[in-house]
Amino acid sequence: MANIFRQLAEQESIFRDESVMRPDFLPEDLPGREREMKDIASYLQEAMRARAPPSMLLVGKPGTGKTTLAKLVLKQLTEVSSKPFPIYINCWENSTRFGILNKLVLELGDMMPRRGIATDEIVSRLSEIGKRQENIPIIILDEVDRLLAAPSHEDQVLYDLSRAQEALGMSASVIAITNEPDLPAKLDARVRSSLTNHTILFEVYSPTQLKNILMQRAKKALWPGAYDEDVIGLCAGIGAKAGGDARLTIHLLWAAAKKAESDGKKKIGVEHVQAIKERSYAHVKMPLTRKIDSLDELDKTIISIIADAKNGIESGGIYEQLNSSSAEQRTIRNRLERLEKTGLLTWEQSNVEGRTKIWKIKIVE
């Protein structure tokens with residue numbers, strides 16, 4: 001049998017640079033986000049003067065460019081000043097106060113002991129760093145709503161970081177990112193006052209904006225002649241119908257190119273986009289699956305019970321399935337409220353006296 005890798009190496013690729021299509025690729029500019037870029041940059045200017053910029057909140061649906069733009073603006077800022085020190089933290093991967101503060105210490109270049117340490121010790125270490133710091137940490141907290149769903153009040157870290165001078169004895173700034181438009185109302189009042197005074201809303205991309213984004217990526221990622229405007233337009237149209245999601249739009253073109261290659265073609269056709277459309281929808285829903293996978297067993301069980309109820313389920317029905325005592329019911333109520341805060345659940349009033357909540361899975365809507 002011929003060596004499969006030699007066969008692949010000999011095959012002409014549609015891609016000039018496939019990395020341009022990856023979710024973590026950082027473009028040189030972001031079409032359709034010029035206003036938001038100026039807004040973020042205007043707040044971050046203070047870092048060039050060795051002063052902590054105001055913290056800010058970026059709000060918008062998935063695929064609207066929040067994370068990419070935050071990283072891009074910080075990259076450009078570090079090109080003109082050595083003072084800012086960008087740190088990226090995904091709150092679904094680091095979902096505890098301890099984990100986030102520990103990562104901050106490590107990113108700032110300090111070693112932590114291998115033995116178990118208390119959170120207070122990490123706070124003290126950050127205070128020591130603050131006394132000798134020359135840079136201004138600017139911390140991107142991506143998917144920050146995860147912290148509000150944690151059962152142990154992990155959102156206290158938002159106070160630590162948004163008021164770092166008071167809480168940690170160091171100058172720092174936070175760029176919090178969320179898909180949840182009602183997140184500010186769920187924040188502690190002390191955090192809300194310092195974090196949401198500078199809120200930047202990201203509207204969904206229009207079909208034209210998605211087409212511009214995709215053309216920019218296609219020119220860098222694909223060889224000339226490997227695609228045409230019909231394919232770009234179709235991908236942009238599908239992305240627009242899916243809520244203006246640029247991530248889905250880019251993934252569609254990448255997956256269509258891979259499909260064309262597997263069919264032995266040198267050019268992407270409309271038929272390749274149609275063939276992988278449903279699979280690409282599933283791909284962009286994967287982060288939601290990852291969120292559920294990161295929950296503890298009780299939260300997963302609650303999610304499973306609600307997911308099995310096609311028309312929703314009352315709180316009492318959840319208690320019954322869990323065979324819970326009165327004391328345990330209080331814990332379950334707290335879990336339901338936290339899962340709602342993170343955007344995984346939603347509820348509506350029942351028709352019975354309007355006091356009973358009917359819980360549903362938000363992500364399937």
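Quick one: which helices (runs of 4 or more DSSP H) sit completely within the range 1-94 and have at least 2 residues that are within 25 Å of Ala255 (Cα to Cα) and touching a residue at least 40 places away in the same chain (Cβ under 8 Å)?
Numbers: elements: 4-10, 34-44, 66-80.
Once the helices (runs of 4 or more DSSP H) in the range 1-94 are filtered for at least 2 residues that are within 25 Å of Ala255 (Cα to Cα) and touching a residue at least 40 places away in the same chain (Cβ under 8 Å), what remains is 66-80.
Of all the residues that make up the range 134-171, how many are at pLDDT 85 or above and in a loop (DSSP other than H, G, I, E, B)?
10
Just to be sure I understand, how many residues within the range 172-183 are at pLDDT below 85 and in contact with a helix residue (DSSP H, G or I) (Cβ under 6 Å, 6 or more places away or on another chain)?
The qualifying residues number 0.
If you check every pair at least six apart or on different chains, which have Cβ atoms under 7 Å apart with a residue in the range 269-280 that is assigned to a helix (DSSP H, G or I) first and a residue that is among the charged types (D, E, K, R) second?
Every condition considered, the pairs that remain are Val270/Asp230; His272/Lys259; Ala275/Lys259; Ile276/Lys259.
Rundown of residues vs (1) at pLDDT below 85; (2) at negative phi; (3) touching a strand residue (DSSP E or B) at 6+ places or on another chain (Cβ under 8 Å), yes/no style:
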{"position": "Asp263", "(1), (2), (3)": "no, yes, no"}
{"position": "Arg279", "(1), (2), (3)": "yes, yes, no"}
{"position": "Thr289", "(1), (2), (3)": "yes, yes, no"}
{"position": "Gly312", "(1), (2), (3)": "no, no, yes"}
{"position": "Ser325", "(1), (2), (3)": "yes, yes, no"}
{"position": "Thr342", "(1), (2), (3)": "yes, yes, no"}
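Is it true that Glu46 is more than 30 Å from Pro224 (Cα to Cα), surrounded by 15 or more Cβ atoms within 10 Å (Cβ to Cβ) and of a type in the set (Asp, Glu)?
Working: more than 30 Å from Pro224 (Cα to Cα): yes; surrounded by 15 or more Cβ atoms within 10 Å (Cβ to Cβ): yes; of a type in the set (Asp, Glu): yes.
Yes, satisfied.
Of all residues in the range 292-302, how many are at pLDDT below 70 and assigned to a helix (DSSP H, G or I)?
As a first pass, look at the range 292-302 and keep what is at pLDDT below 70: 293-294.
Remaining after also requiring assigned to a helix (DSSP H, G or I): 293.
Of the residues in that region, 1 qualify.
Would you confirm, using the coordinates I've provided, whether Ser55 is surrounded by fewer than 19 Cβ atoms within 10 Å (Cβ to Cβ), under 17 Å from Ser171 (Cβ atoms) and assigned by TED's automatic domain parsing to the domain that holds Leu183? Break it down stepwise before answering.
Numbers: surrounded by fewer than 19 Cβ atoms within 10 Å (Cβ to Cβ): no; under 17 Å from Ser171 (Cβ atoms): yes; assigned by TED's automatic domain parsing to the domain that holds Leu183: yes.
No: the conditions fail for Ser55.
Does Lys131 satisfy the condition of being within 25 Å of Arg49 (Cα to Cα), in contact with a Gly (Cβ under 9 Å, 6 or more places away or on another chain) and either crowded, with 17+ Cβ neighbours inside 10 Å or among the basic types (Lys, Arg) (or both)? Working first, answer last.
Numbers: within 25 Å of Arg49 (Cα to Cα): yes; in contact with a Gly (Cβ under 9 Å, 6 or more places away or on another chain): yes; either crowded, with 17+ Cβ neighbours inside 10 Å or among the basic types (Lys, Arg) (or both): yes.
Criteria met by Lys131.
If I ask for residues that are closer than 19 Å to Ile175 by Cα and of a type in the set (A, V, I, L, M, F, W, C), which ones from the range 127-141 would you list?
Across the range 127-141, the qualifying residues are Ile136, Ile138, Ile139, Ile140, Leu141.
Condition first: outside the structural domain of Val144 (by TED's automatic domain parsing), acidic (Asp, Glu), under 21 Å from the mean Cα position of the chain (by Cα) and closer than 23 Å to Gln216 by Cβ. Can you find one or more residues in the range 16-24 that meet it? Explain how you work it out, then say what you get.
Restricting attention to the range 16-24, the residues satisfying the condition of being outside the structural domain of Val144 (by TED's automatic domain parsing) are 16-24.
Right, trim to acidic (Asp, Glu) and you get 17-18, 24.
Checking which are under 21 Å from the mean Cα position of the chain (by Cα) leaves us with 24.
Add one more test, that the residue is closer than 23 Å to Gln216 by Cβ, and what stays is 24.
Yes, there is a match, as at least one residue in the range 16-24 is outside the structural domain of Val144 (by TED's automatic domain parsing), acidic (Asp, Glu), under 21 Å from the mean Cα position of the chain (by Cα) and closer than 23 Å to Gln216 by Cβ.
Starting from residues that are within 17 Å of Trp223 (Cβ to Cβ) and acidic (Asp, Glu), keep the ones in the range 242-270 and report whichever is surrounded by the fewest Cβ atoms within 10 Å (Cβ to Cβ).
Taking the candidates together, the pick is Asp263.
Using beta carbons and a limit of 6 Å, which pairs, at least six apart or on different chains, have the first residue in the range 318-335 and within 17 Å of Trp347 (Cα to Cα) and of a type in the set (A, V, I, L, M) and the second one in a helix (DSSP H, G or I) and at pLDDT 85 or above?
Cβ pairs passing all conditions: Ile318/Ile305.
Please verify whether the range 64-74 includes one or more residues that are more than 21 Å from the chain's Cα centre (by Cα) and of a type outside the set (Val, Ile, Thr). Full working, then the answer.
Step one: of the range 64-74, the residues more than 21 Å from the chain's Cα centre (by Cα) are none.
No, the range 64-74 contains no residue that is more than 21 Å from the chain's Cα centre (by Cα) and of a type outside the set (Val, Ile, Thr).
Being within 23 Å of the chain's Cα centre (by Cα) and either outside any loop (DSSP other than H, G, I, E, B) or crowded, with 18+ Cβ neighbours inside 10 Å (or both): is that true of Lys103 here?
On the way: within 23 Å of the chain's Cα centre (by Cα): yes; either outside any loop (DSSP other than H, G, I, E, B) or crowded, with 18+ Cβ neighbours inside 10 Å (or both): yes.
Spelling it out, Lys103 is indeed within 23 Å of the chain's Cα centre (by Cα) and either outside any loop (DSSP other than H, G, I, E, B) or crowded, with 18+ Cβ neighbours inside 10 Å (or both).
The values are calculated or read from the model by the stated rules, or taken from the named source; none is laboratory data. Treat the numbers as computed from the prediction; the structure is a model and nothing was measured. Glycine gets a Cβ as well: all are built from the backbone with ideal geometry, and neighbour counts include every protein chain shown.
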